[in-house]
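Heads up: the structure comes next, in structure tokens.
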Amino acid sequence: MKFSEQTEARLARLIESRPPGHLRSALVPMLLFIQDEVGAITPEVVEEVCQRLGVSRRDVEEVVSYYSMLRRKPAGRYHIQICTNISCMLVGGAELFEHACRKLGIGHHGVTEDGMFSLEEVECIGACCWGPAMQVNYDYHHHVTPEVFDRLIEQLRDNGGKARER
Amino acid sequence: MLHPEPHPAEVVLLTRRFRLPDSASIGTYLATEGYQAFRKALAMTPEEIIEEVKKSNLRGRGGAGFPTGLKWSFVPRNSPKPKYVVANADEGEPGTCKDRLLMQYDPHSLLEGMLIAARAVDARAGYIYIRGEYRYLIEILDRAIEEARRHGLLGRNILGSGMDFDIYTHSGAGSYECGEETALLESLEGKRGVPRLRPPFPATSGAFGCPTVLNNVETFCSVPPIILRGGLAFAGLGTPKNGGTRLFAISGHVNRPGVYELPMGFNLLRMIHEVAGGVRGGRKLKAVIPGGSSCPVLRAEECDLPMDFDSLARAGSMLGSGGVIVMDETTCMVKAAARILRFYARESCGFCTPCREGTQWLAQVLTRLERGHGQRGDVEVVRDVARNMLGRTFCPLGDAAAMPALSFIEKFRDEFEAHLEGRPCAAEEVALHA
């Protein structure tokens, strides 16, 4: 597999920064960076990573099954991660998650039929003082009320639709 | 994320650059005494550096509160193995969001703290282990690292001193457990985040089996001011054995939630009522989790105390990671406890039985109590399971789950009984009379 120039540069930096004889140390970030481009850890990605790092399939599989951000199937174009942990819960995080389920018509780990949105109830994302908080892909959104959420979804749907036409 | 001005009670030391234009750039950093502490450290012996850090009474800001200077002194400098410096930027304790600000607004202070640690233990490389969700911070830190290299502050023969040292970012991919230092090292080596047996401690056998200094981001960021102004000056800001300032993240039911830099030992009630603007809607304070979700909860009447490691320990709780979670009288304590325990059940790595099974039991029993499906004896089940986990799990995650479970049922037992018997709990009473 060959990735974009940007991803390849990132992977090269990752490999350069490992101590001699410890190539495997690049495994977790490498999987995440590749997933960012490919969308999921597919069997081809596993094979590719094995070759690049000289590790076994088992080494890769056990890591993929451990970390919550690594996934086998692609998420939606916009992956919505809503925190319902204690600090966000106290200011409406759980209600926001329920609202999102209704608005998108999907539940935890669901993907909308058009592949535009996926939803995940996540644990603390380090935005405790600015809750209810969520991430859309890697972007943080703070103080998200149901109204703010709805506006954002319409905007994303619009952007996503246009991107698809192009 | 920042209030326009610091609160008058704040002592801005680590946060003093936060509101400067372009605060993350090396230009701003250099113009505000940046890398002066490192230059000073270059002229000091490793022993002198460690002595200064010891004098500062700096204690680990990740949660355990271990004296930093002492931790550094355990690194066998004469070992023929390479040594490493690792920053724990896997901020994940619910209620904690301070390291995020330090890296976003002042990434060079983290790099400088790591450089000074490297000088103190003769390390050859440093890694910043950042949780995967903090992706934008990797970009910010990579930029800062590149700037530092261009200025000859990282790489070979740093500032002509003969010192070789470089820093690299490293990403996690979603795991609370990786905040535990040995699980973090496993993850750094490309494995599942399962903790290691201790001893040996990372100081003697850490990253890649080599001696390693491993500290929280805020801990490293505290080091430059210590070297620059002297350990005693830093110590003097806090209380005995609790030096310096701390970044407290105040969240929950307050009017002005936020991250505030306050001297160690600052009164908790003052923190809530004065600094964070009081309880929202003029409601009554009910309870506070003083240092992130793993710390035993305090009742409102227990909150008149100084926020330092030893005072909190005397009060039967912990200062932890400084995440102050404030709950007003409308909060259902059963719901709060159940949510916290579901978190630990989800994040337990599953390696040791008491934690894997215990967290699941606690989460399930508390959740059914919350939802009104509790069974007679459930509160005792929670207590028994939690007590049997304490001190019996392989790493601190088991204790981190058992401690809140025990404190919630001990301090708010009535509410658990009410849920069991189908009576309205105290929070619902408040709602009824509102």
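The values are calculated or read from the model by the stated rules, or taken from the named source; none is laboratory data. Note that the coordinates shown come from a computational prediction; the quantities given were computed from them, not determined experimentally. Here the Cβ is made from the backbone with ideal geometry for all residues, glycine too, and neighbour counts use every protein chain on show.
Here are a few things to note about the model shown:
- Scan of segment B:143-164 for residues that are crowded, with 17+ Cβ neighbours inside 10 Å and within 13 Å of chain A (Cβ to nearest Cβ), ordered by number: B:Ile145, B:Leu154
- B:Val379 surrounded by fewer than 24 Cβ atoms within 10 Å (Cβ to Cβ) and either touching a helix residue (DSSP H, G or I) at 6+ places or on another chain (Cβ under 6 Å) or polar (S, T, N, Q) (or both): yes
- Candidates are the residues of segment A:106-139 that are within 22 Å of B:Arg339 (Cα to Cα) and assigned to a strand (DSSP E or B); the one that is farthest from the other protein chains (Cβ to nearest Cβ) is A:Leu119.
- Matching residues, segment A:12-31, being crowded, with 20+ Cβ neighbours inside 10 Å and either hydrophobic (A, V, I, L, M, F, W, C) or not assigned by TED's automatic domain parsing to the domain that holds A:Ser56 (or both): A:Leu14, A:Ala26, A:Leu27, A:Val28, A:Met30, A:Leu31
- Restricting segment B:114-139 to residues that are of a type in the set (Val, Ile, Thr) and either touching a Phe, Trp or Tyr at 6+ places or on another chain (Cβ under 9 Å) or modelled with pLDDT under 95 (or both), the residue that is nearest to A:Ser25 (Cα to Cα) is B:Ile128.
- Segment B:257-294, residues that are polar (S, T, N, Q) and either touching a strand residue (DSSP E or B) at 6+ places or on another chain (Cβ under 6 Å) or more than 17 Å from B:Gly63 (Cα to Cα) (or both): B:Asn267
- Identification of helices (runs of 4 or more DSSP H) wholly contained in segment B:1-108 with 2 or more residues that are within 21 Å of the chain's Cα centre (by Cα) and outside the structural domain of B:Asp308 (by TED's automatic domain parsing) yields B:46-55, B:68-73, B:98-105.
- B:Thr212 within 14 Å of chain A (Cβ to nearest Cβ) and either among the β-branched types (Val, Ile, Thr) or within 18 Å of B:Thr15 (Cα to Cα) (or both): yes
- The one condition from (1) in contact with a Gly (Cβ under 8 Å, 6 or more places away or on another chain); (2) closer than 27 Å to B:Met1 by Cβ; (3) not basic (Lys, Arg) that A:Gly115 does not meet is (2).
- If you go through segment B:165-184 and pick out every residue that is crowded, with 20+ Cβ neighbours inside 10 Å and within 10 Å of another protein chain (Cβ to nearest Cβ), you end up with 11.
- Checked against (1) in contact (Cβ under 8 Å) with a residue 24 or more places away in the chain; (2) among the hydrophobic types (A, V, I, L, M, F, W, C); (3) more than 9 Å from every other protein chain (Cβ to nearest Cβ), A:Leu90 meets all criteria but (3).
- Residue that is in contact with an Asp or Glu (Cβ under 7 Å, 6 or more places away or on another chain) and either of a type outside the set (S, T, N, Q) or in contact (Cβ under 8 Å) with a residue 12 or more places away in the chain (or both), where the choices are B:Gly323, B:Gly316, B:Gly278, B:Gly358: B:Gly323
- Qualifying residue in segment B:242-251 (condition: polar (S, T, N, Q) and either closer than 20 Å to B:Ser407 by Cβ or touching a Cys at 6+ places or on another chain (Cβ under 7 Å) (or both)): yes
- Annotation note: of B:Arg256, B:Arg198, the sole residue that is basic (Lys, Arg) and outside the structural domain of B:Ala125 (by TED's automatic domain parsing) is B:Arg256.
- Against the conditions (1) over 19 Å from A:Arg10 (Cα atoms); (2) buried (at least 24 other Cβ atoms within 10 Å of the Cβ); (3) more than 10 Å from chain A (Cβ to nearest Cβ), B:Ile128 satisfies every one except (1).
- If only residues of segment A:94-112 that are farther than 27 Å from B:Thr331 by Cα and touching a Leu at 6+ places or on another chain (Cβ under 9 Å) are counted, the one that is surrounded by the fewest Cβ atoms within 10 Å (Cβ to Cβ) is A:His109.
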